[in-house]
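Just so it is clear, none of the values below were taken in a lab; they were calculated from the coordinates. All figures in this text were calculated on a predicted structure; none of them were measured in a lab. Note that we place each Cβ from the backbone using ideal geometry, even for glycine, and neighbour counts take in every protein chain shown.
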Amino acid sequence: MLLMIVKGAKDYDDIRTYNGTTYKTFKEACGARGLLKDDKEWYDTFNEAANWATASQLRYLFFIMLVFCNLQDEHNFFNHNWNKMVDDIECYLVKKYHPIVYHPKDTELQDLLLQELEDIFSKNGINIYNYNLPRKNMQYKSDKNNSLIQEELNYDCNKLEEEVNILFRQLNNDQRNAFHEIINSVFNKQPNIFFIIGHGGTGKTFLWNTIITYLRAQKKIVLTVASSGVASLLLPNGRTAHSRFRIPIDVDELSMCDIKRGTKLADLIAITDLIIWDEALMTNKQCFEALDRSLRDILSEKEETLQNIPFGGKVMVLGGDPKQILPVIQNATKAQIINASIFRSYLWRHTKKLYLHENMRLRRLHINSSEYKEIQDFNNWILSIGNGNCQTTTLSVNDDNTDCHLVQIPDDLLVKTTGNKIEALVHATFPDFISNYTNPEYVQNRAILATTNEIVDEINDYMLQLLPTVEREYYSADSISKCTDTCNDANILYPIEYLNSLNANNFPAHKLKLKIGVPIMLLRNLNQSLGLCNGTRLIVINLGNNVIEAIIITGTHIGNKVYIRRINLTTQGSRWPFVLCRRQFPIKVCYSMTINKSQGQTLLNVGIYLRKPVFTHGQLYVALSRVKDRKGLKILIENEDGTCGDKTNNIVYKEILDIV
């Protein structure tokens, strides 16, 4: 294992040396590099993080390690580290009893710490008692109220009323009509499923915020979820739908959410007044149906008639743009993708469609100004791409019967070069990169989009080389899951070096190269209450042996400092006869990202690299609509012969657009 990664070794001592320390055995050297699976790595990680992090940050790190790292002895890990997580709790108690000189006992500190940890677990939908941790043992009276309910009611109503007065005055006619219909349904307790349909710029998120602010000012409970982690970060107290409602990852027509009657989550849902689900079209219809069955079951406990009403009588508001990407199903046909959408669900006939047409970005401009006309023309062109109405030079239909048009891209948006294409696109998207790479705002507002992960990784590697800072490499520990389906000779048939070479979508690489100042993207939902979702973008500010310190640059938690460590991940490739287990940081460099991953984000400057054309409904539309104006968009199209072109594929499923 060491011979595959140690460079320039001249003797055995060099092979056993890491970060200036020469270890006695090769196994110890492997352990120091994080190439082995044992609890020592977790202890080293926590000790290292304790040098940087506050007690509160360490509690969140402790939560992540318990949930994702498969600790062998959770109880011993707690006993060894609990005193590092109570500094602020001890200060609170000392101040509370001042001027009396108070010295808290260890049992009291532990009880208060366990209460804090229980709240963190509860906010993320996990029961702390599923883990082997000590129980509270003194006469500490915890709050008997439901912490999930308290979290949804813990708002300054006066401040919210002031905010909603400002927001409401900015609504256009379409938004006001939708606002009144939804609010009336909530206050009259009328079961309804609303579907808000609007393209980018029509103010769906603005409408959500106005509705949420108004209802919370009235002490109403609104649960906000989204289909993707990125979209959930734009909602107040947002979560992914799978996390909030515990929807199974693998769903079928009989699936139910893991919500048991009498639990805190079930009690919260029972008194919820409104559920908002953004980016709903990205989600498989079976997820909605699983939630529908679960809510009917939970809520019918108190009133049997709710068993026959969609979502148990709750007011549901779904939002989306039918021109955007539909549920992603590997190797699926057009018919299978359409059939997986909510339009083919039995719930669709119960929905009431509300439309948003007006582009909010034009309201602040004078109708006769040149800027108004420029934005309007750009918006109309993007809509013509999304609707499949853009003028085409060629029309072809592939074997999957997908409408695929060849569209002409205007010259002012194109990047053309006879040299290095990635270099040219990077220069157009990230001008003066070396002078600005440490500026969070500069990095936050730019990205290069591509169709496949292979191209994305190539762009990220190129940009990483441009940074003048020192590079660090982090290697994963890979193994094959000991499941019953794996053959007995798996370790012989699939050696470690082969496992190291494997890559999968939304999965970290075996060799992760990082530098201080580089933007990274999370690949897993680690702690949504902190904004750590699949798709969250961050900037690295410190690189430790076992911990990465980073600052969030997207969503509602911008500026927060967080600590990321290796976790255990598993994946099953369609061509692999085994389950791959990889212990690695759940991140990847994100100067560039796939078009699918960018959905839900708005940027100032976007470069689109179409070495390979789009391959499913809405991809080109999503890529083009990530920017607010024409000046921030640059496109490089690579033809099959390697030259730069001006035409590319656009795929639109007209059947979807006809439904809405």
Q: Tell me which residues come under 5 Å, amide H to amide H, from Glu638 once H is placed; ignore anything under 5 positions away on its chain.
A: Leu610, Arg611, Gly645
Q. Over what distance in Å are the Cα centres of region 259-319 and region 1-63 separated?
A. 46 Å
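Hey, how much of the P(r) for region 43-92 falls beyond 18 Å, as a percent of Cα pairs? Don't skip to the answer; put the middle values down first.
Working: 286 of 1225 pairs.
The calculated P(r) of region 43-92 puts 23 percent of pairs beyond 18 Å.
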Q: Kindly write out, for region 646-660 in residue order, the coupling ³J(HN,Hα) from the Karplus curve 6.51 cos²θ - 1.76 cosθ + 1.60 (θ = phi - 60°), rounded to whole Hz, with x marking Gly and Pro.
A: 10, 10, 8, 6, 9, 10, 9, 8, 5, 4, 5, 5, 5, 5, 9
Q. Taking +1 at the Cβ of each Lys and Arg and -1 at the Cβ of each Asp and Glu, which of Ile448, Asn491, Gly517 sits farthest along the dipole of region 445-587 towards its positive end, judged by Cα position relative to the Cα centre?
A. Gly517
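Short version: what are the Cα gyration tensor semi-axes of region 503-592, square root of 5 times each eigenvalue, largest first, in whole Å? Walk me through the numbers on the way to the answer.
On the way: eigenvalues 110, 40, 27 Å².
Semi-axes from the Cα gyration tensor: 23, 14, 12 Å.
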Q.
Taking the Cα centroid of region 338-361 and of region 492-553, what is the distance between the two, rounded to the nearest whole Å?
A. 35 Å
(Q) Which order do the peptides 213-219, 289-295 come out in when sorted by mean C-beta neighbours inside 10 angstrom, highest first? (A) 289-295, 213-219
Q. Under a plain spin-label model, where a point goes 7 Å from the Cα along Cα-to-Cβ, how far apart in nm are Arg135 and His427?
A. 6.9 nm
(Q) Along the Cα→Cβ direction, 7 angstrom out, place labels at Ile100 and Tyr12. What is the inter-label distance in nm? (A) 6.4 nm
Q) What fraction of the DSSP beta bridges in the chain is antiparallel, stated in percent and rounded to the nearest 5? A) 55 percent
Q: For region 61-72, just list the computed ³J(HN,Hα) in residue order, Karplus coefficients 6.51, -1.76 and 1.60, θ = phi - 60°, integers in Hz, with x standing in for Gly and Pro.
A: 5, 4, 4, 4, 5, 5, 7, 10, 10, 6, 4, 6
Q. Direction-averaged shadow area of the convex hull around the Cα atoms of region 203-353, nm²?
A. 9.3 nm²
Q) Cα atoms only, region 56-136: Rg and Dmax in Å? A) 13.4, 44
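Quick one: Kirkwood hydrodynamic radius for region 332-461, alpha-carbon pairs, angstrom, one decimal? Write out the running numbers ahead of the final one.
Working: mean 1/r = 0.0512 Å⁻¹.
Evaluated over region 332-461, this radius sits at 19.5 Å.
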Q | Given charges at beta-carbon only (K, R positive; D, E negative), |dipole| of region 5-106 in Debye | A | 140 debye
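Using the Kirkwood formula over every pair of different C-alpha atoms, what hydrodynamic radius in Å results for region 1-153? Don't skip to the answer; put the middle values down first.
Details: mean 1/r = 0.0549 Å⁻¹.
Computed over region 1-153, the radius equals 18.2 Å.
What size of dipole, in debye to the nearest 20, comes out for region 56-136 about its Cα centre when the only charges are +1 on Lys and Arg C-beta atoms and -1 on Asp and Glu C-beta atoms?
On the way: 8 positive and 11 negative charges, 26 e Å.
That gives region 56-136 a dipole magnitude of about 120 debye.
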**Q.** Calculated on alpha-carbon atoms, Rg and Dmax of region 506-660 in Å
**A.** 18.2, 54
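Could you line up Trp277, Trp208, Trp52 from fewest to most neighbouring Cβ atoms inside 10 Å?
Working: Trp277 27, Trp208 22, Trp52 15.
The most exposed by this proxy come first: Trp52, Trp208, Trp277.
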Q. What are the extents of the Cα atoms of the chain along their three principal axes, listed from largest to smallest and rounded to whole Å?
A. 70, 67, 54
Q. For the chain, what is the mean residue ellipticity at 222 nm derived from helices alone (per DSSP H run of n ≥ 4: -39500 (n - 2.57); sum divided by total residues; nearest 500 deg cm²/dmol)?
A. -10000 deg cm²/dmol
Q. To the nearest 20 debye, what is the magnitude of the charge dipole of region 470-590 about its Cα centre, counting +1 on the Cβ of each Lys and Arg and -1 on the Cβ of each Asp and Glu?
A. 320 debye
**Q.** Given charges at Cβ of Lys, Arg, Asp, Glu: the chain dipole, positive-most of Tyr563, Met1, Val579
**A.** Tyr563
**Q.** J(HN,Hα) series, region 538-545, from Karplus relation 6.51 cos²θ - 1.76 cosθ + 1.60, nearest Hz, glycine and proline x
**A.** 9, 10, 6, 10, 7, 10, x, 6
